[in-house]
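K.L.:
Mind having a look at this structure? Questions to follow.
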Amino acid sequence: MAEDRQAAGRTYRRGWRRVATAFVICAALVVLFHRPLLLALGRQIALHYAARENLKVNFRLEGNVFTNLTVRNLHAVPTGPSDVESIDIDFARADYGLFGPLRHGLSSIEKLEARSARIVLNPAKAPLRPRPPDPKKKITLPDVFPERVHLVDAT
């Protein structure tokens with residue numbers, strides 16, 4: 001009789017364990033594929049990296065996080081020593097593959113389109129670098145540069 005009670009208790013616990021596992025998997029899928037959460041996370045990441053470069057950024061992020069992103073009304077101004085005086089972009093769109101950025105980094109951006117872009121740089125205001133670049137290392141463009149770029153009304 002006691003053995004029957006123990007077996008019933010194990011079955012009861014096993015059922016709750018399955019329900020809890022299913023709930024965790026469903027919650028993880030909702031968080032992973034919930035577009036507003038992913039866009040808010042992308043915005044916070046962009047704000048974090050802009051703050052590290054002494055920039056205050058204001059923009060609206062749209063699109064599908066897995067294949068393309070659209071940035072509207074981007075305005076960036078310096079908050080400290082920075083080589084950027086101002087950045088104003090009305091519309092920018094980047095197209096990329098689902099797994100491309102994970103495999104190849106930002107160099108996998110297929111197409112970048114920008115409209116009404118005004119970017120003002122002043123290298124004299126940049127903070128001093130502690131060391132000159134290594135002469136043995138080849139100088140290349142940053143990974144952000146895509147295969148194709150379409151610029152309209154850019155200065």
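K.L.:
Using label points projected 7 Å from each Cα along Cα→Cβ, tell me how many nm separate Y49 and H34, to one decimal.
P.N.:
2.4 nm
K.L.:
Using θ = phi - 60° and the Karplus form 6.51 cos²θ - 1.76 cosθ + 1.60, what ³J(HN,Hα) does each residue of the stretch 69-74 get, whole Hz, x for Gly and Pro?
P.N.:
With coefficients 6.51, -1.76 and 1.60, one gets 10, 10, 10, 10, 6, 7 Hz.
K.L.:
Could you bin all the Cα-Cα distances of the stretch 25-101 into 10 Å bins starting at 0 and give me the percent of pairs in each, rounded to whole numbers?
P.N.:
Bin by bin from 0 Å, the calculated values are 18, 42, 30, 10, 1.
K.L.:
What are the residues whose amide H is under 5 Å from the amide H of F91, where those residues sit 5 or more places off or on another chain and H is modelled from the backbone?
P.N.:
Long-range HN contacts for F91: N73, R115.
Readers should treat all values here as calculations from the given coordinates under stated rules, not as data from a laboratory. A quick note: this is a predicted structure, and the numbers were derived from the prediction, not measured. Glycine also receives a Cβ, built like all others from the backbone with ideal geometry; neighbour counts cover every protein chain displayed.
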